[in-house]
Structure formats: structure tokens, C-alpha cells
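Trainee: Input: one structure, supplied below.
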Amino acid sequence: MKVSFLFAECACGEAQPSALVEVDGEIICGNCEARRRGRPEATCDFCGELAPFENHHVDGKANSDETMIACINCHRKHHAGLPRLSK
């Protein structure tokens, strides 16, 4: 059965569908799922949360030299076309 993220929420309160995944029947956000796996954390340049992170290429190109720190949730939201990441 396909899981719907429309009204789902992670235990941490994250409810944006693009940030959520289903793991072993549980709805969990990217940040919480990455924490469980022991990913390193840094302060997100966009939401200010200390969380597992990815480098966000500022000009949108994977080969850009300029990157910013984006938590997993903010990075997923950006690439889903949700409010653009900007300071």
C-alpha cells in the first residue's frame, strides 16, 4: 500500500511532505532519519537548526564552487520546488 504524506508528520513536528520518507512503516523526516544513521551535523544556513546536512550549490549547479550548508529537510524542500532557499 502506498503511503500518503499529505497529512503525515514526523515525531519532531516536520510535516512538509517533501521532507518526509517512510522507513519500516514509520513516517520520518530526512533530518531524523539521517540522525539515526549517525550523519554529522552542522547549523543549517537557512533554518538555523543543528541537523544532518548536505552542501547546497548556490547557483544550482552541482559543479559550483560556492556552497552553503542546508539541513536535509531544507535541501529536500528546495529541490521539490518549495520556498526557495535564501538567506
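The values are calculated or read from the model by the stated rules, or taken from the named source; none is laboratory data. Please read these numbers as outputs of a predicted model, since none were measured by experiment. Glycine also receives a Cβ, built like all others from the backbone with ideal geometry; neighbour counts cover every protein chain displayed.
Trainee: Looking only at segment 1-12, count how many residues are at pLDDT below 90 and either surrounded by 15 or more Cβ atoms within 10 Å (Cβ to Cβ) or within 13 Å of K77 (Cβ to Cβ) (or both). Lay out the reasoning, then the answer.
Mentor: Taking segment 1-12 as the starting set, the residues that turn out to be at pLDDT below 90 are 1-8.
Applying the additional criterion that residues be either surrounded by 15 or more Cβ atoms within 10 Å (Cβ to Cβ) or within 13 Å of K77 (Cβ to Cβ) (or both) yields 5, 8.
Number satisfying all stated conditions: 2.
Trainee: Give me the pairs, please: first residue somewhere in segment 17-34 and charged (D, E, K, R), second residue anywhere and assigned to a helix (DSSP H, G or I), beta-carbon distance under 9 Å, and either six or more positions apart or on two chains.
Mentor: Filtered contacts from segment 17-34: E33/I72.
Trainee: If you take the residues of segment 18-48 that are in contact with a strand residue (DSSP E or B) (Cβ under 9 Å, 6 or more places away or on another chain) and among the β-branched types (V, I, T), which of them is surrounded by the fewest Cβ atoms within 10 Å (Cβ to Cβ)?
Mentor: The selected residue is T43.
Trainee: Going by the conditions given, is A15 modelled with pLDDT of 90 or more, touching a strand residue (DSSP E or B) at 6+ places or on another chain (Cβ under 6 Å) and on the phi < 0 side of the Ramachandran plot? Before the answer, list the steps.
Mentor: Numbers: modelled with pLDDT of 90 or more: yes; touching a strand residue (DSSP E or B) at 6+ places or on another chain (Cβ under 6 Å): no; on the phi < 0 side of the Ramachandran plot: yes.
So A15 fails the test.
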